[in-house]
Every structure is written in C-alpha cells, then in structure tokens.
Amino acid sequence: MLMMTMMSNFALTLKSEKILWLFGVPSSEAHILDSETLGKLFAEQDAYKELISDTEKLLADNGMPGRCTITIGAYCEAAHNDKTAKIYFEVTKGDTDDTLRMDEGCAPQKNDEIAMTSSALNCLDAQIGDRISAVIDGRECEFIITGRFSSFTSSAAKLYKDFDFGDQSLDASMGVQIHFDGDPDKETINNNIEKIKELIGSDKVYSTSDMIKELTGMSDTLNVIKQMMMIITVIVTALIVILMERSFISKEKSEIALMKAVGVDNGSIILQHSLRFVIVSVIACIVSSAVLMPISDVMMNWVGNMVGDVSGLKCDFDPLEIFVICPAILIGVTVIGSFLTALYTKTIKASDTASIE
Amino acid sequence: MNTILQTKGLCKTYIVNKHQNNVLKNIDLTINEGEFVAIMGPSGSGKSTLLYCVSGMDRVTAGEVIFNGKEIAKLGDKELAKLRLDEMGFIFQQMYMMKNLSVLDNIILPAVKSKKNNESRKATEERGRSLMRRLGIDDVGGNDINEVSGGQLQRACICRSMINNPKMIFADEPTGALNRSSSDEVMNELLSLNRDGTTIMCVTHDPKVAAKCSRVLYIVDGVIVGEKETGHFDGGDKELRDRERELNNWLMEQGW
C-alpha cells in the first residue's frame, strides 16, 4: 500500500502548484510558454519590459487585469577564490509581491546581493556571507551571498529584481507568469486562460498545475504506474492471503475439527480465520498511513536532488485516496480473499478428529 | 427412567474409491438418563463411527437418531453445532486441545462460545476453576497444554466436556493414551460424574474400563451382537475384580 500511495503522492506533487517555487517563478495563475511570444526575449535587449507591458495591456483591455512577471537567466562564469564555475544566474522581472523562499539566510535585497543553491555554493566552495565575482554582459560583477535556496535548476543563483542583465544573451526563460487581480476562482482562471489562448493564437497558455505537469512530464506516467501498482497490490495481496489461509487451515485442521466437535459453528470458525487477516491489514494500513508522508517527503526531496537542488519539499496528497480508497482496496481484497478461502474450513468435519494424529 | 438417546435402524455407509462400505447396519439403541454405557468391539467394528453418528458429529446415511427428544438427522449444521455445544460433552482419546490457549481457556472455550451462557467472562472462568478443583487440576489452569501430564490433560478435557452442564458425555477411548494409574484416575472422575447424574457413552477397548460401566454393548461389523447389564459400580477392588472376570467371560462368548 505504501508503494501505491507514494506513487499517488508523487504524481500529485509533480503537477501541484505547491512546487511552483522550485521553478524560480513567483505565485501566478497562468503561464504563457509560447516560443513565438518568448522568442523576442533571446533576440532583443530588454525585450522583457515590452513583453510584460504588452501582456498586461492585453489583459486589461480584455477584462482580465493582472500583473505579469518574467524569469530570465543566463549561464555566466563565476569565481570565488581560486574556484571557478559556470552558474545559472536568473532574475525575475515584473511586479510581484512574492519573496524568494529561502532554505537559509535571506533573499537578495540589492543589486550586489545573490542567493545560491547548495550545488552552486559547493562548486565555488563558498558559503553565505562570502563574496563571489561573475562576468555578466562582459563586465565583472561582485556579489555577496545572502542565502541559500532550492531550485530544480542545479547550480543556480538568484539576483535581485532590479539587476540589469544588459546585453547579456539569455539562455532560458520560464515564460510569462500572470497573476490576475482580485483573486479569481478556478473557473474564472480557466476562462481567462482560454481567452488568452484565443488572443495570442497559441495553445501554450497553462494553468499553474498544467504548466508544472507539462514541464516535469512525469505526473501522467506516475499516475499510470500508480494504477499498475494498485492492480499488482490487489493481485499480490489476494495471492498472499489465499496461500497463507490455506496454509493455516492445513496446519490447524485438528483444531478446526476439534472446535466443530465441541460445537463451534462454521460461521464462527470462518469469522475467526478471516478476522486475523483483516486485523493485520488494518494495522498495515495504519502504519503505512503514518509513515507515508515522512517517507514521501524524503523520497521526493531525494528525487528532486537528482534533478536539481531541492530541500524542504513537502509532497502533495489526496486525503480521500490515501486514507480511504487505498486502505479500502487493501482491506477489501483481504476480507474477500480470506473469507472465500476460509470457506474451505467447511470441508473439515467434526468426525475428522478421529483421523488426526 | 427417561430416554436420552435412541436410535432406530441407524445405518452409516462410506463410499471409498467407488466401493460402498456399510460401517453401521440397522443399529437400534436406547440409552437412559444416568446410564454409563460402554461400547466394545474389535478394531474396525464401527464403535467410533457409532459414537460420532449418535452425537451428531457425523451424518447418518439412514435411520433415526433422537437425542433428548430432537431428531438429529433433521437438524441443520448450525443447529447441530448448537446442540453439541449446549447439550453434549466430548472427550477424545488424543486429548485434543487448542495449542494457543492455556488449559483454563481450553476448558471454558465451549462456555464462551455458547450463546445460552449470559454470564461474564470472569464468572465463566470461576466455573472452570471450580471444575478443575473438583478434578484436582486447579494448579495448572494457567499452564500451556504442553506443560501438563497426559492424565491432567484428559481431566482438563473432562472439565471442558462438563463446562456447559451437558445432558450427555461422549467419550472416545478416554483412557487409550494414558498409563494405568492415569486411566484409573480418569475413570474414577467419570464415575463420579455419572453418580452425579451425567449420562455417559464411552467407546473402549479396555475391559477394565468397561467393567466400571453400567451397561456394555458389543458391536461386530457394524451390528450390536451383544448387550450386558452390569449395574452401577460402587467402587471397591473386590467388586471390580468380579465385574472384570464376569465381563471377560462374556466377551469371550461374544468372540472377543
């Protein structure tokens, strides 16, 4: 059951809005990832300013007022003492109330401050409080490390929002993030997204969870794996229950015959045989539920660290599935399997006490 | 005296490898309340089969078995189980007990399972201990069944058979697996129960055991070929020797 529910947690997490912060973008409801729209960012200087203002105007003119941000970045050579490394420097441009979620220290507050991921710090053998230099747009910039953060991008550094990349050619962008005014509900957000798709003539406008699903590309696969695990769990549980119960019946034949001889009815014997499996499966479900979240968090962070630089990630979960559906499946299969197998005790007669050695 | 058990034309047939084996043939039998009846016969004569059929542990092929006014053949499995639990007691040769339960728990098992028993668990345990005191095994209640002697275990089986105050006790070779002194102890306990009014039907190979019973039935090839009234045994070695001698002579006449 633990495997089943862990897969469920992973699948949910990898399309959850809760992990948006690991992509280096602020909280937002919609995301434009259209390559034609974003192509200008890589071709022109400061194109992001125009893109942000154009998008905000488009939204306002069509009854969907909101604020836009763009996260852009470039790989630049950085140095600390005698260590050098190529680090991905990123900055979020635009109007947002979000602050960078930090694992340690604080977010950069000035243009000469940066936060870095653990692997970036390790590459440069630096720690919070150290100064590093980097060549950005042909000029050498000095930064003080103010904190450590998590990201799916390994060896990344976060710059203050006002930092100017100048003519530095960009390597990546997370698209345009839109935070609608007035905290609209899910239905309004979805309607807005459909409208934006029509306005810009592209399908690549996503809600946060769809964007994450699109970027990670794992959620659907994990869902399929989860369903397969459910089937395997059902089959394996049924097999184990049936084989164990048959083994118990064979081992306890004399006791069953004795109980029947003494006057215990078939129903009581079948109930007793079924109940022992049910009790074990209930305990297993309880233990599994208790350890699920800690183990899921550990595993998810471990997987996240293989992809990027992740810590402090909390898995998303569906309480109905974890605490009701999966246990119900497991306990249900156990009840049915043990009950049907326990019916075999009906073949043992009270008079079989005569043939027992 | 009231009749507690009666059979009319009782037949039991087994089919083994398509061969029909008539184990019991038209058995007519009556046992009255308070009797202590021994069933004797050579091996394979159908003694245990007769015991199982009249106690409802096995279904008869034909004929009637009336226990305490109830026609056993007409009862369903559940009703039969209830009858055995509430109105019958059983003692087996091999002293079968539940391995995972203590001696006391084994003794009170029928009482716990019986729906006619409304008392608390504590009261049931006290009744069990009372029976154990009467049979002289009150010090082994908490023991595992592997920690007691054969004689003690068989006396525990007697306690178990008595816990629901049955109308009749069915004993299949109750002393078969015991040494002489333990056999005597067990038989004395059964005699004591019989004197208190419990009807007992006992299958045995041992003439010493049968000599203590009030009636002996001799069965050969599924038919009761002889019956001997020996009267109640009051105790005493001389009386026992006389009864044994008389019984042996009678058994030899029957072809023992």
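The values are calculated or read from the model by the stated rules, or taken from the named source; none is laboratory data. For clarity, every value in this text was computed on a predicted model and none was experimentally measured. Counting neighbours? That spans all protein chains shown, and the Cβs are built from the backbone with ideal geometry, glycine included. Protein only, heavy atoms only, side chains kept; ligands, DNA and RNA dropped before computing areas. Shrake-Rupley method; radii C 1.70, N 1.55, O 1.52, S 1.80 Å.
Simple point charges give the picture: +1 on the Cβ of Lys and Arg, -1 on the Cβ of Asp and Glu, and for chain B a dipole about the Cα centre of about 720 debye.
Expressed per residue, the C-alpha convex hull volume of region A:34-203 stands at 114 Å³. About its Cα centre, the dipole of region A:144-258 is roughly 680 debye, where the only charges are +1 on Lys and Arg Cβ and -1 on Asp and Glu Cβ.
Helix A:253-262 and the longest principal axis of the C-alpha atoms of chain A enclose an angle of approximately 60°. Within the listed set A:Leu14, A:Leu320, A:Leu121, the residue fluctuating most in the Gaussian network model of chain A (springs between alpha-carbon atoms under 10 angstrom) is A:Leu320.
In this structure B:Arg133 has an accessible area near 120 Å², from a 1.4 Å probe over the protein heavy atoms. Among B:Ser192, B:Ser120, the order of accessible area from largest down is B:Ser120, B:Ser192, computed with a 1.4 Å probe on protein heavy atoms. Of the residues B:Cys11, B:Cys157, ranked by 1.4 Å probe accessible area with the largest first, the sequence reads B:Cys11, B:Cys157. Think of region A:219-355 as a dipole: +1 on every Lys or Arg Cβ, -1 on every Asp or Glu Cβ, centred on the Cα centre; then among A:Thr237, A:Met299, A:Leu340, A:Leu340 lies furthest on the positive end. Over chain A, the hull volume per residue, using the convex hull of the C-alpha atoms, is 162 Å³. Taking every residue in B:55-62 and counting other chain Cβ atoms within 10 Å of its Cβ, the average works out to 3.
What pairs in A:Lys57/A:Lys93; B:Lys208/B:Lys228; A:Lys349/B:Lys208 have C-alpha atoms more than 23 Å from each other? From A:Lys57/A:Lys93; B:Lys208/B:Lys228; A:Lys349/B:Lys208, over 23 Å: A:Lys349/B:Lys208. Distances between placed amide hydrogens fall under 5 Å for A:Ala172 paired with A:Gly73, all partners being 5 or more residues away or on another chain.
Between B:Asp86, B:Asp206, B:Asp139, the Gaussian network model of chain B with springs among Cα atoms under 10 angstrom shows the greatest mean-square fluctuation at B:Asp139. Taking θ as phi - 60° and the Karplus parameters 6.51, -1.76 and 1.60, the scalar couplings of region A:21-31 work out to 4, 6, 8, x, 10, x, 4, 7, 9, 9, 9 Hz in sequence order, x denoting glycine and proline. Coordinate range of the alpha-carbon atoms in the protein assembly as shown per principal axis, descending: 127, 51, 45 Å. The H on the amide N of B:Gln93, modeled in the peptide plane, is under 5 Å from the matching H of B:Asp172, each at least 5 residues off or on a different chain. In order along region B:96-102, phi translates into HN-Hα couplings of 5, 9, 7, 5, 8, 10, 6 Hz, rounded to whole numbers, per the Karplus curve 6.51 cos²θ - 1.76 cosθ + 1.60 with θ = phi - 60° and x for Gly and Pro. Accessible-area rank, largest first, for A:His80, B:His205: B:His205, A:His80, with all protein chains present and a 1.4 angstrom probe. For helix A:266-307, what angle does its Cα long axis make with the longest principal axis of chain A, in degrees from 0 to 90 and rounded to 10? That works out to roughly 20 degrees.
Within the assembled protein chains, the solvent-accessible surface assigned to A:Ile286 is about 110 Å², based on a 1.4 Å probe.
Here B:Arg245 sits with roughly 130 square angstrom of accessible surface, probe radius 1.4 Å. Residues considered: B:Gly46, B:Gly128, B:Gly197. Largest GNM mean-square fluctuation over chain B, using C-alpha springs under 10 Å, is found at B:Gly197. The mean number of Cβ atoms from other chains found within 10 Å of a Cβ in peptide A:251-262 is 6, as a whole number. Relative to the longest principal axis of the C-alpha atoms of chain A, give the angle of the C-alpha long axis of helix A:326-342, reported between 0 and 90° and rounded to the nearest 10°. Its long axis makes an angle of about 20 degrees.
In region B:3-254, the C-alpha radius of gyration followed by the widest Cα-Cα span (Dmax) gives 18.1, 54 angstrom. Å³ per residue of the Cα convex hull, for region A:219-355? So the per-residue hull volume is 112 Å³. Dipole of the protein assembly as shown computed with +1 at Lys/Arg Cβ and -1 at Asp/Glu Cβ about the Cα centre; of B:Val203, A:Thr69, B:Ile108, farthest Cα towards the positive end is B:Val203.
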